[in-house]
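**Student:** I am attaching a structure below and will ask some questions about it afterwards.
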Amino acid sequence: MLDFQSRESDLRSICRTWLGPRAVELERLDSGGFSGSAVIRVREPGGDGGFVLKSFSAATPQAKIEWVHGLMRHLRAAGLAEVPEVMMTLGGDTIAVDATSRSWELVRFVAGSATDSPTLPQSQAALNCLARVHVAAAAMSSAPLHWEVPAAVQRRVEHAQRLLAAPWCGPLQGAPRELTPLQRAVWDLRNRAAEAFEAAAGTAAVQRVAAVRPRPMPVQAVLRDIWSDHVLYDPLHPDRVAGMIDLHAAAIDTPATDLARLVGSWQRALGTSLRARWGEALAAYELVRPLREGERSLVPWLHATGVVCGLDNWFRWSLAEAREFVRPGQALERMQRLLDQVPECLDELNTAAPPGV
């Protein structure tokens, strides 16, 4: 995580790549994520609006950044004003590289607020906007709609195979002998997850996922990390989407992965089926882009597998890899929310037909 105070002069130097010698005020923003990327609001003294300066993860190749920026510019050209405007540097590029070889972007600031408990009109507006994004993205000349095995499906199948080999009830390879307070809390969550896993026939559910043989289906440019914090609603018109932000994870995959990621991030009462719970919101998506049958069954499958695999990732990051998080309380909250959904997701995987992929 960036040390804002010690690097403020460096940040001002980076801003000059786009803004020249103009005086600016800098404010660190909380991205709500765990990637470690620095997110800085940039505005002229006394001014409103302004920009957001954000770093890419150190491992992101330059070609990937250029592709993401190309997608953002394509979407805006197609009329998606909800996608932030990528600013051009004075040299005619969209990327600045600092002395540590980290890449940065500057995008137009989007005023709005996020919620993980949207009203029905808000959820409908979000999915209507996402459908327009998908329709426009499918026409991107450098990444047209085509058929291949969706990366999200292949990853979940491979993850299920690893989980069968190292279940939550077993010893964790690489776990430290002495646990930090965070790791003790995670270890308790892992024990509770193992109990929930056993009670809900988790092994059978994961075996069904591991046995899926993915087949090609339509894929295209999608957002991949579109969740509640990345959908901003207009402060004056709360039922209107003001922005869909942070496209750094965009890649080629099935549009169903965006639907599962976004709807699965919304708080909701447990105890009803995934399909029943999402029906009205998904109808707003289909007014713009009707779902193919394979996509329709894939949405709840991707959500259910995402909960199980996501929780497994958190356990591995926290315990086996001993990662440190700037906001450990929020990390634990994320894990608890996933754990709460494990029983219903395992039931979905055990009772619903595997996706038609």
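**Student:** Within segment 318-325, is there a residue that is within 18 Å of ALA200 (Cα to Cα) and either under 17 Å from the mean Cα position of the chain (by Cα) or assigned to a helix (DSSP H, G or I) (or both)?
**Tutor:** Residues of segment 318-325 within 18 Å of ALA200 (Cα to Cα): none.
No, every residue in segment 318-325 fails to be within 18 Å of ALA200 (Cα to Cα) and either under 17 Å from the mean Cα position of the chain (by Cα) or assigned to a helix (DSSP H, G or I) (or both).
**Student:** With PRO84, PRO45 as the choices, which residue is assigned to a loop (DSSP other than H, G, I, E, B), touching a residue at least 12 places away in the same chain (Cβ under 8 Å) and within 24 Å of LEU232 (Cα to Cα)?
**Tutor:** Numbers: PRO45 fails: within 24 Å of LEU232 (Cα to Cα).
Answer to the check: PRO84.
**Student:** What do you reckon, is THR115 surrounded by 14 or more Cβ atoms within 10 Å (Cβ to Cβ) and out of contact with any Cys (no Cβ under 7 Å at 6 or more places or on another chain)? Give the steps one after another, and end with the answer.
**Tutor:** Working: surrounded by 14 or more Cβ atoms within 10 Å (Cβ to Cβ): yes; out of contact with any Cys (no Cβ under 7 Å at 6 or more places or on another chain): yes.
Criteria met by THR115.
**Student:** Which of the residues spanning segment 12-24 are loosely packed, with under 14 Cβ neighbours inside 10 Å, at negative phi and either at pLDDT 95 or above or assigned to a helix (DSSP H, G or I) (or both)?
**Tutor:** Taking segment 12-24 as the starting set, the residues that turn out to be loosely packed, with under 14 Cβ neighbours inside 10 Å are 13, 20-23.
This time we only want the ones that are at negative phi, so: 13, 21-23.
Listed by number, the list holds a single entry, SER13.
**Student:** Here's something else I'd like to know. With the structure loaded, tell me whether LEU71 is touching a strand residue (DSSP E or B) at 6+ places or on another chain (Cβ under 8 Å), closer than 23 Å to VAL231 by Cα, outside any helix (DSSP H, G or I) and not assigned by TED's automatic domain parsing to the domain that holds ASP225 or whether it fails that test.
**Tutor:** Taking the combined requirement at face value, the residue does not satisfy it.
**Student:** Here is a further query. For ALA165, are the conditions met, namely being surrounded by fewer than 14 Cβ atoms within 10 Å (Cβ to Cβ) and under 29 Å from ALA353 (Cα atoms)?
**Tutor:** Numbers: surrounded by fewer than 14 Cβ atoms within 10 Å (Cβ to Cβ): yes; under 29 Å from ALA353 (Cα atoms): yes.
Criteria met by ALA165.
**Student:** Run VAL219 past the list (1) under 22 Å from ALA125 (Cβ atoms); (2) touching a residue at least 24 places away in the same chain (Cβ under 8 Å) and report the number of the one that doesn't hold.
**Tutor:** (1)
**Student:** Name the one entry in VAL107, VAL24 that is β-branched (Val, Ile, Thr), over 26 Å from VAL231 (Cβ atoms) and out of contact with any Leu (no Cβ under 8 Å at 6 or more places or on another chain). Full working, then the answer.
**Tutor:** Values: VAL107 fails: over 26 Å from VAL231 (Cβ atoms).
Matching residue, one of VAL107, VAL24: VAL24.
**Student:** Right, next: Determine if segment 285-300 includes at least one residue that is over 30 Å from PRO167 (Cα atoms), out of contact with any strand residue (DSSP E or B) (no Cβ under 8 Å at 6 or more places or on another chain) and buried (at least 23 other Cβ atoms within 10 Å of the Cβ). First the steps, then the outcome.
**Tutor:** First, the residues of segment 285-300 that are over 30 Å from PRO167 (Cα atoms): 285-293.
From what is left, the residues that are out of contact with any strand residue (DSSP E or B) (no Cβ under 8 Å at 6 or more places or on another chain) are 285-291, 293.
Pick out the ones that are also buried (at least 23 other Cβ atoms within 10 Å of the Cβ) and you get 285.
Within segment 285-300, one or more residues are over 30 Å from PRO167 (Cα atoms), out of contact with any strand residue (DSSP E or B) (no Cβ under 8 Å at 6 or more places or on another chain) and buried (at least 23 other Cβ atoms within 10 Å of the Cβ).
**Student:** Would you be able to say whether some residue in segment 160-174 is within 24 Å of TRP278 (Cβ to Cβ) and either in contact (Cβ under 8 Å) with a residue 12 or more places away in the chain or not aromatic (Phe, Trp, Tyr) (or both)?
**Tutor:** Here is the first cut: in segment 160-174, the residues within 24 Å of TRP278 (Cβ to Cβ) are 160.
Those still in the list that are either in contact (Cβ under 8 Å) with a residue 12 or more places away in the chain or not aromatic (Phe, Trp, Tyr) (or both) too: 160.
Yes: segment 160-174 contains one or more residues that are within 24 Å of TRP278 (Cβ to Cβ) and either in contact (Cβ under 8 Å) with a residue 12 or more places away in the chain or not aromatic (Phe, Trp, Tyr) (or both).
**Student:** Out of curiosity, is THR115 hydroxyl-bearing (Ser, Thr, Tyr), assigned to a loop (DSSP other than H, G, I, E, B) and over 30 Å from PRO355 (Cβ atoms)? If you could, list the steps in order and put the result at the bottom.
**Tutor:** On the way: hydroxyl-bearing (Ser, Thr, Tyr): yes; assigned to a loop (DSSP other than H, G, I, E, B): yes; over 30 Å from PRO355 (Cβ atoms): no.
So THR115 does not fit the description; no.
**Student:** Which of the numbered conditions does ASP93 fail, given that it passes all the others? Conditions: (1) of a type in the set (D, E, K, R); (2) touching a residue at least 12 places away in the same chain (Cβ under 8 Å); (3) more than 28 Å from GLY264 (Cα to Cα).
**Tutor:** Answer for ASP93: the failing condition is (2).
**Student:** While we're looking at this one, here's another question. Can you confirm whether PHE315 is in contact with a Phe, Trp or Tyr (Cβ under 8 Å, 6 or more places away or on another chain), assigned by TED's automatic domain parsing to the domain that holds LEU282, among the hydrophobic types (A, V, I, L, M, F, W, C) and not in a helix (DSSP H, G or I)?
**Tutor:** Working: in contact with a Phe, Trp or Tyr (Cβ under 8 Å, 6 or more places away or on another chain): yes; assigned by TED's automatic domain parsing to the domain that holds LEU282: yes; among the hydrophobic types (A, V, I, L, M, F, W, C): yes; not in a helix (DSSP H, G or I): no.
Judged against the criteria, PHE315 is not a match.
**Student:** Among the listed residues ALA165, ALA201, which satisfies the condition of being of a type in the set (A, V, I, L, M), under 20 Å from CYS309 (Cβ atoms) and modelled with pLDDT of 95 or more? Before the answer, list the steps.
**Tutor:** Numbers: ALA165 fails: modelled with pLDDT of 95 or more.
Answer to the selection: ALA201.
Residue by residue, here is whether (1) at pLDDT 95 or above; (2) surrounded by fewer than 16 Cβ atoms within 10 Å (Cβ to Cβ) holds:
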| position | (1), (2) |
| --- | --- |
| ASP10 | no, yes |
| ASP30 | no, yes |
| GLY33 | no, no |
| VAL39 | no, no |
| PHE51 | yes, no |
| GLU66 | yes, yes |
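The values are calculated or read from the model by the stated rules, or taken from the named source; none is laboratory data. Worth saying up front: this structure is predicted, and the values here are computed from it rather than measured. Using ideal geometry, Cβ is built from the backbone for each residue, glycine included, and neighbour counts are taken over all protein chains shown.
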